[in-house]
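What follows is a single structure, written as structure tokens, with notes after it.
The values are calculated or read from the model by the stated rules, or taken from the named source; none is laboratory data. All figures in this text were calculated on a predicted structure; none of them were measured in a lab. A quick note on method: Cβ atoms are made from the backbone with ideal geometry, for glycine too, and the neighbour counts reach across all protein chains shown.
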Amino acid sequence: MIKKTNKYIYFLAGAILGAAVFILFFGVDIISPVNTKWIFAQHDDVTQHHVGWEFFRRSPWDFPFGLIEGISADEKVSCMYTDSIPLFAIVFKLLSPILPDNFQYFGIWGIICYMLNGGFGALLLTRIKKNLFFTSVGSLFYSAFWPTLLRIMHHNSLGAIWLVIIPLILTIDHDRKYKHSFTPVILWTVTCILASLIHLYFIPMIYCVMLGYMILLFFKDKKRVQAIAVFASSTVFSVLFLWIIGGFYGSGSYTDGGFGIYSANFNTFFNSKGQAKYMRQLDILDGQYEGFGYLGLGMLILCFLSVLVIVNKLSTKEGGFLKNASAAVKSRKAEIITFCVIFAAGFFWAASNKLTINRNVIMTIPLPEFILGKLGIFRSSGRFIWLPCLMTMTSVLWICAKLNKSTLFTALTLCIAVQFGDMQNYYTDTHAAAHRNDAYITALSGAEWEEAANGAEEIVFLPLPDNYKSYMKLYFDFAELACNKHMKLSSFYLARTDNSILKAYADKKYTELKSGNGSSKYLYVFFNNEDIPVNVKGLDVKEIDGYTVARVKK
């Protein structure tokens with residue numbers, strides 16, 4: 001048992017180092033709540049998240065509590081489908097009356113995530129070795145986790161790997177004697193609730209770990225009632241909170257196809273995707289960027305060192321390598337089986353039914369359309385590789401902790417230095433991006449746009465093509481205009497929508513416009529010039545900054 005005072009010191013040290021890592025790579029400017037330049041300059045997922053927050057903030061309170069108005073025709077959608085981090089969105093909406101008009105919380109979220117990643121990473125390592133140097137330096141592998149580094153400026157709700165680290169801690173503590181027997185049930189349930197309020201993709205990762213936890217409780221600890229209680233409570237409250245924030249509201253499809261495309265390649269642990277200084281990029285299939293699980297050169301060196309440690313430890317004992325290895329497996333049979341189950345669940349879900357190495361498809365496992373459809377709820381399955389990544393890092397650090405103090409000190413120091421040295425190119429890129437963000441000027445600004453948007457209440461995109469989500473730049477540029485002018489949007493780039501409703505709405509507005517019954521309260525935006533209605537009285541069409549827009553004169 002860790003002393004209470006020490007436990008906080010371990011966590012605090014890891015959290016402080018996590019904050020330092022965040023500031024090192026991303027600076028302090030993005031933390032400022034009034035700095036939205038970096039968000040709109042990205043023109044990617046974080047722009048979607050912030051636009052969702054802006055519309056949610058000005059939507060009237062409703063039930064479910066997470067509903068947004070005015071962003072998707074006449075539909076209401078949940079802020080979880082703009083990935084606006086519902087936990088923060090709801091809290092800051094409550095505080096909205098005292099907040100400035102120009103406000104973002106994604107930078108704050110980023111540094112908090114890095115602090116929690118480092119803090120809980122340190123707590124995880126206390127289960128291996130209660131040494132402040134070991135837990136602090138080791139925590140840097142979690143706070144500077146490569147997949148998180150690449151996510152936090154873009155799809156930053158996915159930076160919360162602490163939601164996966166906590167279940168790993170609880171699983172290692174499966175036989176811990178708590179003051180109250182229901183404490184593990186509460187801890188698992190709260191973790192699942194937080195995942196529901198942050199990002200849905202963390203829930204399957206948590207349940208993969210929970211599967212291993214239940215195996216230990218069922219077959220080793222004989223705590224079957226507790227295992228059932230953990231699963232039941234976590235599931236019920238996860239569903240309840242998803243319902244509360246509007247996760248089941250509306251008629252849009254929960255599946256978007258593409259399972260097996262956005263997967264993890266078997267080379268993922270070694271593939272830097274061109275981001276690292278020392279390790280070269282390996283080939284992958286299109287879409288497999290979602291399965292990015294590069295461990296970093298420093299951690300890969302520790303992996304090699306851990307193999308040497310195991311071989312040395314088992315070979316030098318009396319009886320030889322095979323006998324000692326067999327004895328070690330037998331003595332930890334339940335734990336090893338549990339580890340393999342969790343690792344395999346995460347790894348093969350990430351790899352999907354299409355197993356690949358580089359650009360070679362090793363095997364495609366045929367699955368019924370019904371199953372593929374359900375798996376499509378989490379079509380970006382490659383993200384689940386983060387769980388095996390974290391397990392690999394933790395296992396390697398556990399093995400290396402068997403080294404004597406001075407050797408461990410030297411190995412950790414050198415490997416963390418190599419790990420950060422390998423990140424030099426990414427560091428340079430992020431700082432270059434920061435300078436570009438500082439120079440960002442609102443895309444649709446100037447006298448022409450002021451005139452075009454003057455008096456408009458809604459931006460209507462016409463006619464709506466099937467691939468409308470591919471027009472991301474268009475949507476993000478006009479979304480910024482809508483945020484600044486407090487206008488509605490007829491459609492937007494969302495994770496879940498009912499396309500039939502959006503298309504019907506756009507078709508209705510298009511028909512009205514072509515028949516001369518358009519409204520002056522709309523700013524019409526055309527995807528293609530050939531779709532502009534001709535011979536419509538009072539329709540003023542303009543080409544501004546490469547976009548074709550129109551207003552109906554009053």
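Entry remark, the range 182-225: residues being over 16 Å from the mean Cα position of the chain (by Cα) and small (Gly, Ala, Ser) number 1 in total.
Within the range 9-47, being free of Cβ contacts under 8 Å to residues at least 24 places away in the same chain and either surrounded by 20 or more Cβ atoms within 10 Å (Cβ to Cβ) or in a helix (DSSP H, G or I) (or both) holds for one residue alone: Ala20.
Within the range 527-539, residues that are in the same structural domain as Asn467 (by TED's automatic domain parsing) and at pLDDT 90 or above have Cβ atoms under 6 Å from residues that are among the hydroxyl-bearing types (Ser, Thr, Tyr) and surrounded by 11 or more Cβ atoms within 10 Å (Cβ to Cβ) in these pairs: Asn529/Thr548, counting only partners at least 6 apart in sequence or on another chain. Pick from Ile71, Ile98: which is β-branched (Val, Ile, Thr) and either within 30 Å of Asn131 (Cβ to Cβ) or in contact with a helix residue (DSSP H, G or I) (Cβ under 6 Å, 6 or more places away or on another chain) (or both)? Unique residue meeting the criteria: Ile71.
Flag not set for Ser470, criterion: free of Cβ contacts under 8 Å to residues at least 40 places away in the same chain and over 21 Å from Glu530 (Cβ atoms). Scanning the range 147-157 for any residue that is part of a helix (DSSP H, G or I) and either over 22 Å from Phe269 (Cβ atoms) or over 14 Å from the mean Cα position of the chain (by Cα) (or both) turns up at least one such residue. For the range 182-198, the criterion of a residue being at pLDDT below 95, closer than 28 Å to Gly287 by Cβ and of a type in the set (Val, Ile, Thr) is satisfied by no position.
Residues being assigned to a helix (DSSP H, G or I) and not polar (S, T, N, Q): count how many of those fall in the range 453-496. Before the answer, list the steps.
Going residue by residue through the range 453-496, those that are assigned to a helix (DSSP H, G or I) are 453, 468-470, 472-485.
Of the ones still in play, those that are also not polar (S, T, N, Q) are 453, 468-469, 472-483, 485.
Here the count works out to 16.
Does Glu457 satisfy being surrounded by fewer than 18 Cβ atoms within 10 Å (Cβ to Cβ), in the same structural domain as Glu530 (by TED's automatic domain parsing), touching a Phe, Trp or Tyr at 6+ places or on another chain (Cβ under 8 Å) and within 19 Å of Lys521 (Cα to Cα)?
Working: surrounded by fewer than 18 Cβ atoms within 10 Å (Cβ to Cβ): yes; in the same structural domain as Glu530 (by TED's automatic domain parsing): yes; touching a Phe, Trp or Tyr at 6+ places or on another chain (Cβ under 8 Å): yes; within 19 Å of Lys521 (Cα to Cα): yes.
Spelling it out, Glu457 is indeed surrounded by fewer than 18 Cβ atoms within 10 Å (Cβ to Cβ), in the same structural domain as Glu530 (by TED's automatic domain parsing), touching a Phe, Trp or Tyr at 6+ places or on another chain (Cβ under 8 Å) and within 19 Å of Lys521 (Cα to Cα).
Selection over the range 355-369 of residues that are modelled with pLDDT of 95 or more and assigned to a loop (DSSP other than H, G, I, E, B) gives a count of 2.
Test of understanding: among Tyr278, Tyr262, which residue is touching a residue at least 24 places away in the same chain (Cβ under 8 Å), over 30 Å from Ser196 (Cα atoms), outside the structural domain of Glu369 (by TED's automatic domain parsing) and among the aromatic types (Phe, Trp, Tyr)? Write out each step before concluding.
On the way: Tyr262 fails: over 30 Å from Ser196 (Cα atoms).
After applying the criteria, what remains is Tyr278.
Taking (1) in contact with a helix residue (DSSP H, G or I) (Cβ under 9 Å, 6 or more places away or on another chain); (2) modelled with pLDDT under 95; (3) assigned to a helix (DSSP H, G or I) in turn, Trp449 satisfies each apart from (2). If you take the residues of the range 503-554 that are closer than 20 Å to Asp74 by Cβ and loosely packed, with under 15 Cβ neighbours inside 10 Å, which of them is farthest from the chain's Cα centre (by Cα)? That would be Asn517.
When the range 314-333 is filtered for residues that are surrounded by fewer than 16 Cβ atoms within 10 Å (Cβ to Cβ), out of contact with any Gly (no Cβ under 8 Å at 6 or more places or on another chain) and not polar (S, T, N, Q), the ones remaining, listed by number, are Lys317, Glu318, Gly319, Gly320, Phe321, Leu322, Lys323, Ala328, Val329, Lys330, Arg332, Lys333. Among the residues that make up the range 207-218, is at least one of them without any contact (Cβ under 8 Å) to a residue 12 or more places away in the chain, more than 22 Å from Leu158 (Cβ to Cβ) and either outside the structural domain of Trp386 (by TED's automatic domain parsing) or touching a helix residue (DSSP H, G or I) at 6+ places or on another chain (Cβ under 7 Å) (or both)? Within the range 207-218 (the criterion being without any contact (Cβ under 8 Å) to a residue 12 or more places away in the chain, more than 22 Å from Leu158 (Cβ to Cβ) and either outside the structural domain of Trp386 (by TED's automatic domain parsing) or touching a helix residue (DSSP H, G or I) at 6+ places or on another chain (Cβ under 7 Å) (or both)), the answer is yes, since at least one residue qualifies.
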